[in-house]
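Please read the structure below before turning to the comments.
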Amino acid sequence: MAPFLSSSIPLLLLSFLPLLSLSFSTVDQPYKTYIIRIDSQSKPSIFPTHYNWYTTEFTSTPQILHTYDTVFHGFSAILTPDRAATLSQHPSVLAVIEDQRKQLHTTRSPQFLGLRNQRGLWSDSNYGSDVIIGVLDTGIWPERRSFSDVNLGPVPGRWKGICEVGERFTARNCNKKLIGARFFTKGHEAVGGAMGPISPINDTLEFKSPRDADGHGTHTASTAAGRHAFRASMEGFAAGIAKGVAPKARLAVYKVCWKNAGCFDSDILAAFDAAVKDGVDVISISIGGGNGISAPYYLDPIAIGAYGAASRGVFVSSSAGNDGPNFMSVTNLAPWIVTVGAGTIDRSFPAVVVLGNGKKLSGVSLYAGLPLSGKMYPLVYPGKSGVLAASLCMENSLDPKMVRGKIVVCDRGSSPRVAKGLVVKKAGGVGMILANGVSNGEGLVGDAHLIPACALGSDEGDAVKAYVSSTSNPVATISFKGTVIGIKPAPVVASFSGRGPNGISPEILKPDLIAPGVNILAAWTDAAGPTGLESDPRKTEFNILSGTSMACPHVSGAAALLKSAHPDWSPAAIRSAMMTTANTFNNLNQPMTDEATGKVSSPYDLGAGHLNLDRAMDPGLVYDITNYDYVNFLCGIGYGPRVIQVITRSPVSCPVKKPLPENLNYPSLAALFSSSAKGASSKTFIRTVTNVGQPNAVYRFTIQAPKGVTVTVKPRKLVFTEAVKKRSFIVAITANTRNLSMGDSGAVFGSISWSDGKHVVRSPIVVAQMDPL
C-alpha cells in the first residue's frame, strides 16, 4: 500500500532512504538536489518554453541542473529543504523527490545461452545490426577491439543522438558501432558544493567525458554487444574468442556513474530522457539500490525513467542486485523493467589449498603472477585474536610481525575482496586464503589478486581455521589450475544474486529470470588494473567480473536480437518470450540449485529460469502488456491518479472498481494468502496470450501444482486461427496455507505450461502466506 493516496493535493515526496541522503552546506544554509515533477499541461501560454517557465516561476537558472521532457516532465535543481517544501505546494508541482545515490551492481557465455554461429537467433537476426542498445553506466573505452565497426553497415537512419566530446574523448571516438556517447555530471558535481565536484575529475582519477575510468561500463557494453575479438583473455584466463550477445548491435553509452562516487538519480533520469529521445531500442542499466532496499515506484527515478522508456517501446533490462542470498533482497522491481539475476556458467578457474595435514580444499582464483610452486608456508588466522577488523583483514589491521612471510586467512566481508589481498601484501604476507562466511555459503567468485590467493567456501574456510587451531605449526600452499571448461552442474544460481519476493508488489514475481553473471570475460578500461585498485599497475584488454551487473547486459543483448528478428514485438512480449522459454534444469538435466545452500532453487531465486535464446526466438505464445494495463496495476496497488501521473507523465484515471494487481498480464502467477485466513482460500487469475507461432494451433495445459495446492484452469484448450490471435484463460488457485509446508521461503512453488506439441510456454506459480505490504 502506498504511504499516501492523495488525488487532489500536491505531494512532497521526502527522502525514502535517509541513510543515502546527499547534502552539502554553505555558510548560510544547507542545500540538496531535488527532482521536481511538473504537470506540463499546466504551463501558462505566456511562457514560450517549459525551461523559461521553470526558471521564471520555480527557481533561478544557475540552480537548475537538468530539465526533463521525454520520459519525465520537470527539472532537477539545487534547493534548500525549505524552498523544496514551498515548491511542493505549487499547484503545478506533482512531486518533489530528493536526489539519491545509486550503486553499480558489480567468453563462453553467449554459447552457454544456446547461441551458435550461423544458426538460430544470431543468423536469423543478423546479429542485431539494426538495433541500438543504450548502456547507462560508467562510460566506455572506445579503442577496444570489441567496439570496432569493421564491416558494419550504415548507422540506422532513425538515430538522433550525438557523440559528446570531453576529456580524452572526441567525435572520432564514435563510429558505426559506438554511434553515440554522452556524459552527465551535474547531479554528481552538485554534491560537493554549489557547483563543485565530489572529487577531482581529471585525466588521472576520472574523465569528464564518456571515457570510462572505472571499467564497469566498458565491460557491460561489450557483454551486450561486443564484436568478435580473437585471442582474448585476462592474463591467460578464459582464453579464446570474446564476443557479446548481439555482436553487430549498435551501442550508445550514457555515462551516469563516476569512479568511487556512485550514480545520482538526477543524472540517471536525464540519461533515460536523452536515450529515448536519441532513438535507442534497448536500455541496459546495471545500477540500483543496495541492502535490498527499494523505494516505491513514484519515488524511484529508475522506475520512472524506465516506464517512460517502456511506454514508448524501449525494452529496459536491469540488474537484480548483489545482496543475495538474503530474503527479499532483489531490487529494480517495477513490472515494466526486466529484472535479471545471476547464474554461473560451465567455466571455472580452480585453485587448491593444500594444508600441512595433507588435506586439499578446492576454491577459485584468477591470480596470474609467480606461483608458490608447492612450497609450504606458515599459515596464520588473525581472527584468533578476537579482533574483528583483523579477521576481515581491514586496512591497517594486521601486525606485520604476525603475518610477514606467511599465508594469511582472511574472512570475506566489509571490504573489497581484492583490497584484503593488498592489506596482506603491505603487511608482508606471501599469500591469502579468503574464507566465505555463512551468509555467502559456498558461492565463489574469482579475483585477479595482487598476491597468490584462493577463495574458499564457508565449509572449506571453517576447515582451514580448524586446522590452524589444531597445531602449533600450521602450514599451507596454494596451487593454481588455470581455466577449466565443462563444469557440472551449471548453471547454478549465484549466491550473491538478489532474491525474491518482490518487496513492493509481491503479486509480481521478481527476479524475472537469471543469466550468466559469474566470472564473465569482457572488455576493460586502460585506466584501471583488473582489481580496480589504485595501486594495481597492470593493464588488460579484457577482465573477468561477477555480479548481476554482468547478467543484465546478457539479457539486453538478447533483447536486441529478439527485437531485430521480431520488430513488431513490444518490450513485454520480448520479456514474455524470454521468461516462458527459460531453462529450469542444469547441464546434468536436474533442477537448478542454489549456490548458497546446494538445495534446489525456487522462483524466488531464479524467477522463471535461466535465459535460453534459441527457444525465446520462437516462444509460440506471449503475454503482452499495454500502458493501460500498467496504469490499472498501479491503481490496483493503491496509487491515486495524481501519484500515478508522477510515473506515467500523462494524466490518468482509475476504474471505479479497483483492479486486482495480480491480474496484470505477467508471465508468472503469485497467489498471496493472508496469514489470518481460516480454512481453504482461493485466488483467481486472468491471463491473455497472443499467438506468435503457426496461425492454426491448439494449446493444452499441464499443471505442476505446488504441494498441497489445487490449481484449476479454464478452458481446457486454447484454439488459435488466422482470425483469432488472442485467447484468455482463468487460473484458480486454492490452498489452506495453515496446512502447507512452506519452508524457509514462506512459499510453495509450481508451474503452468501450455503446449501445442512443439512449443512449451511455461509460467511459474508462487503460493505464499503474506499480508499486504
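The values are calculated or read from the model by the stated rules, or taken from the named source; none is laboratory data. Everything quoted here is computed from the prediction, not taken from an experiment. We place every Cβ from the backbone using ideal geometry, glycine too, and count neighbours over all the protein chains shown. Areas reflect the complete protein model, heavy atoms only, side chains present, ligands, DNA and RNA absent. Shrake-Rupley method; radii C 1.70, N 1.55, O 1.52, S 1.80 Å.
Could you work out the relative contact order of the stretch 548-639? I mean the mean sequence separation of Cα pairs under 8 Å and 6+ apart, divided by the number of residues, in percent. Could you put the intermediate results ahead of the total?
On the way: 74 pairs, mean separation 30.0, N = 92.
Rounded, it is 33 percent for the stretch 548-639.
Rounded to the nearest 5, what % of the DSSP beta bridges within the chain are antiparallel ones? Can you show the working numbers first?
Details: 87 of 134 bridges.
Counting only bridges with both partners in the chain, antiparallel ones make up about 65 percent.
Please compare each pair in Lys177/Lys277; Lys248/Lys725; Lys102/Lys186; Lys360/Lys481 to a cut-off of 22 Å on the Cα-Cα distance and tell me which ones are over it.
On the way: Lys177/Lys277 19 Å; Lys248/Lys725 32 Å; Lys102/Lys186 15 Å; Lys360/Lys481 13 Å.
Table pairs above 22 Å Cα-Cα are Lys248/Lys725.
For Arg211, Arg172, write out the residues from largest to smallest accessible area, computed with a 1.4 angstrom probe and no ligands counted. Could the numbers behind the result be given before it?
Values: Arg211 5, Arg172 205 Å².
Ranked from most to least accessible, the order is Arg172, Arg211.
Output needed for the chain: three equivalent-ellipsoid semi-axes, defined as square roots of 5 times the C-alpha gyration tensor eigenvalues, in descending order, whole Å. List each step's numbers first, then the result.
Values: eigenvalues 314, 225, 145 Å².
Value: 40, 34, 27 Å, ordered largest first.
Determine the per residue accessible area of the stretch 672-773 with all protein chains present and a 1.4 angstrom probe, expressed in square angstrom.
On the way: 5280 Å² over 102 residues.
Using a 1.4 Å probe on heavy atoms only, each residue of the stretch 672-773 averages 52 Å².
Defining a contact as two alpha carbons under 8 Å apart and six or more residues distant in sequence, what relative contact order in percent does the stretch 292-421 show?
15 percent.
Summarise the accessible area of the chain (1.4 Å probe, protein heavy atoms) by the percent that is carbon and sulfur. Each step should come with its number before you reach the end.
Working: 14730 of 27980 Å².
Within the chain, the accessible surface is 53 percent carbon and sulfur.
Which GluC sites (Glu not before Pro) does the stretch 390-466 hold that lie in a coil by DSSP with at most 16 other beta carbons within 10 Å?
Counting only loop positions with at most 16 other Cβ atoms within 10 Å, the GluC sites (Glu not before Pro) in the stretch 390-466 are Glu395.
Can you list, by residue number, the Cys in the chain that have no neighbouring cysteine C-beta under 4.7 Å?
Cys454, Cys552
Considering only C-alpha atoms, what is the centroid distance from the stretch 480-552 to the stretch 53-99, in Å?
Each part reduced to its Cα centre gives a spacing of 38 Å.
For Lys707, which lysines qualify as cross-link partners when the Cα separation must be under 19 Å and same-chain residues fewer than eight apart are set aside?
In chain and number order, the partners are Lys599, Lys678, Lys683.
Just tell me which aspartates and glutamates come within less than 18 Å, Cα to Cα, of Lys657; anything on the same chain fewer than 8 places away is out.
Straight-distance partners of Lys657: Asp629.
Is there a quick way to get the dipole size of the stretch 205-356? I mean about its Cα centre, with the Cβ of Lys and Arg at +1 and of Asp and Glu at -1; what is the value in debye to the nearest 20?
Details: 12 positive and 12 negative charges, 120 e Å.
Value, rounded to 20: 580 debye.
With +1 on each Lys and Arg Cβ and -1 on each Asp and Glu Cβ, and nothing else charged, work out how big the dipole of the chain is about its Cα centre, in Debye to the nearest 20. Intermediate results must be reported in sequence, preceding the final value.
Values: 72 positive and 55 negative charges, 332 e Å.
I would put it at about 1600 debye.
Restricting to Cα pairs below 8 Å that are 6+ residues apart, what does the relative contact order work out to for the stretch 432-538? Please round to a whole percent. Please report the intermediate quantities before stating the final value.
Numbers: 91 pairs, mean separation 24.6, N = 107.
Once divided by the residue count of the stretch 432-538, the mean separation gives 23 percent.
If we count every other residue with Cβ under 12 angstrom of Gly598's Cβ, Lys/Arg +1 and Asp/Glu -1, where does the sum land? Please list the in-between numbers first.
Working: positive: Lys599; negative: Glu442, Asp459, Asp594, Glu595.
Residues near Gly598 contribute -3 overall.
As I understand it, the dipole of the chain uses +1 on the Cβ of Lys and Arg and -1 on the Cβ of Asp and Glu, about the Cα centre. Which of Ser535, Val646, Pro619 lies farthest toward its positive end?
Of the options given, the answer is Pro619.
Whole angstrom only: what separates the Cα centroid of the stretch 431-447 from the Cα centroid of the stretch 340-415?
9 Å
Taking every pair of alpha-carbon atoms in the stretch 674-773, what share in percent sits in each 5 Å bin, from 0 to the bin with the longest distance?
3, 11, 22, 20, 15, 11, 9, 6, 3, 1
Over the stretch 353-497, what is the percentage of antiparallel beta bridges among all DSSP beta bridges, to the nearest 5? Don't skip to the end; give the middle numbers.
Numbers: 8 of 19 bridges.
If I count the DSSP bridges inside the stretch 353-497, around 40 percent turn out antiparallel.
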